[in-house]
Amino acid sequence: MVATFEERARSSYDEFVRLFSNVLFAVSLFAVWGLLTLIGVIVDQGKDPSVYAGAYPAPIARAILRLGLDNIYHSPAYIGIIGLILVSLAACTFKRVIPARLPALRKVKIDAIPLSASIEVRGEESAVRARVAEFFASRGWQVRKREFSGEEWLFADRHNWARRGVLIAHLGFVIIAMGTTIYWWKGFSGTTAVITGQTITVPQTGARITLDHFGYRFEPIKTKTGLVYQPVDYVSNVTVVGRDGVPRNETIRVNQPIDIDGTLYYQASYGYAVTFAVSKAGMVIPMEPLKEGQGFQAGGRTFQYQRFVPTVDTATGQPGLNPIPSNPAVALAAFDGDQPLGAVLLPIGKNLDVGNGFKIAALRYKLYSGLQYRYDPGMLLVGIGAFVLLAGLCIAFYFLPARLFVQITGAARTWRVGLAATTVKGYDIFEEQFADLVAELKASESGPNRNAFPVRSESPA
């Protein structure tokens, strides 16, 4: 027998729902999302390819660039996994969480529930029902009555609102996903460096930043290996021009960003830009200031400015500990193609003969400020979503919603009060409280002010 189109579509839909509402599948998606997020934390995002080439071995650097791990939060894989998580959350919410956490009021078979008990009492039916309802209401239970085929049932709920804790947590993740989507759509981030006296333009916003002065402060700290100098503060005094075209003076410190038209600029690093000169036979080739890691050609070879040495010990000719420039030099590495030829310290203001009639001079240095900038219009939503997610998890973990099913049966003046309990966290966690509740109900029905008295009771199953 050939299945109809409707049957095939229904079968495909059922398989889709079973897969995406499966808890293990949802956890797997969260694990992949966490892994991608961790990669984004470990691997600096949005850097120039040369940064990765200098920081990682060549195979790893190529993998980072080819797989898009340098911009992972904007990658199709990252956005796709968030989309799959949202679909899984929706399937789990409507197919599992809501039916399990928010069950409809319906009659049950009392004796088939592990937490169940029965008490036999005497009295008028209306009086017995009123006393049982008042007993639970006086202890903070929400009491509701329903009729099924002419049979009246009583339902008592405690912390019923806490059943929505998981739903609130799901909503929190949806809000976080909305915030990250807005950042993917509208936001951006990047890094830049500005040399003292230089003006740069941020490409995404057109904002202009001029570094007027850069200052830093070190403190000597004694360690087991000797004296080290720890930077305790570095500050960029800048002039910025935003969309309004009005220049204004700002100060950027570590953990104290400035805001230019909604984009935050952070003090991230600093360094020394060095102006080199390459000469041959009296002819000088002008060069722009270079930062650490940048290079130039001279005499058929490549020279890379590796690092700035603030102080060279005059006695040993080796780098000193003092971070304040007093006898500065630069560390230069020479390459013949990809083959390293060695490294040398070149004092500022001195020449280095590199052969073939070429000389290299390190003329002067200037401090530069490394800035990170970020525009994230979804940040507020992410913060709200994180709060909602945490609130939902706290509700789900620290509160115990419980439901009591009460059925009163009998005739004349003899009645059987059947009582059963369920929770969203199983039966064992509520067993002791249920036993105490049954004992209280029994005691209340046998009090001196009652016209009815229990004739038999069964212990909780």
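Select from the stretch 195-235 the residues that are among the charged types (D, E, K, R) and part of a strand (DSSP E or B) and list them in ascending order.
ARG208, ASP212, ARG217, GLU219, LYS222, ASP233
Can you pull out every residue in the stretch 106-120 that is surrounded by 14 or more Cβ atoms within 10 Å (Cβ to Cβ) and in a loop (DSSP other than H, G, I, E, B)?
LYS107, VAL108, ILE113, PRO114, LEU115
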Of all residues being among the β-branched types (Val, Ile, Thr) and under 31 Å from the mean Cα position of the chain (by Cα) in the stretch 212-270, which is surrounded by the fewest Cβ atoms within 10 Å (Cβ to Cβ)? Just the residue, please. VAL232
In the stretch 308-343, the residues that are within 27 Å of TYR216 (Cα to Cα), free of Cβ contacts under 8 Å to residues at least 60 places away in the same chain and among the hydrophobic types (A, V, I, L, M, F, W, C): PHE308, VAL309, VAL312, ALA329, VAL330, ALA331, LEU332
The stretch 43-100, subset modelled with pLDDT under 80, outside any helix (DSSP H, G or I) and of a type outside the set (Gly, Ala, Ser), residue surrounded by the fewest Cβ atoms within 10 Å (Cβ to Cβ): ASP48
Search result, residues across the stretch 382-423 that are crowded, with 20+ Cβ neighbours inside 10 Å and either over 30 Å from ALA435 (Cβ atoms) or out of contact with any strand residue (DSSP E or B) (no Cβ under 8 Å at 6 or more places or on another chain) (or both): GLY385, GLY392, ILE395, ALA396
GLY317 passes all but one of the listed conditions (1) in a strand (DSSP E or B); (2) exposed (fewer than 15 other Cβ atoms within 10 Å of the Cβ); (3) not β-branched (Val, Ile, Thr); the exception is number (1)
Tally up the residues in the stretch 295-307 that are within 25 Å of TYR368 (Cβ to Cβ) and free of Cβ contacts under 8 Å to residues at least 60 places away in the same chain, please. 9
Checking the structure you have, find out if any residue of the stretch 191-199 is among the aliphatic types (A, V, I, L, M), outside the structural domain of VAL238 (by TED's automatic domain parsing) and buried (at least 18 other Cβ atoms within 10 Å of the Cβ). no
Scanning for something touching a residue at least 40 places away in the same chain (Cβ under 8 Å), in contact with a Ser or Thr (Cβ under 9 Å, 6 or more places away or on another chain) and under 19 Å from VAL438 (Cβ atoms), does the stretch 135-146 turn up at least one residue? yes
Quick one: in the stretch 346-361, of everything that is surrounded by 18 or more Cβ atoms within 10 Å (Cβ to Cβ) and either farther than 19 Å from SER279 by Cβ or touching a Gly at 6+ places or on another chain (Cβ under 7 Å) (or both), which residue is modelled with the lowest pLDDT? VAL354
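So, ILE176, is that one in contact with a Phe, Trp or Tyr (Cβ under 8 Å, 6 or more places away or on another chain), buried (at least 18 other Cβ atoms within 10 Å of the Cβ) and under 30 Å from TYR266 (Cα atoms) or not?
no
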Scanning the stretch 271-287 for residues that are touching a residue at least 12 places away in the same chain (Cβ under 8 Å) and in a loop (DSSP other than H, G, I, E, B), the one surrounded by the fewest Cβ atoms within 10 Å (Cβ to Cβ) turns out to be ALA281
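The values are calculated or read from the model by the stated rules, or taken from the named source; none is laboratory data. Treat the numbers as computed from the prediction; the structure is a model and nothing was measured. Quick reminder, even Gly has a Cβ in these numbers, built from the backbone with ideal geometry, and neighbours come from all protein chains shown.
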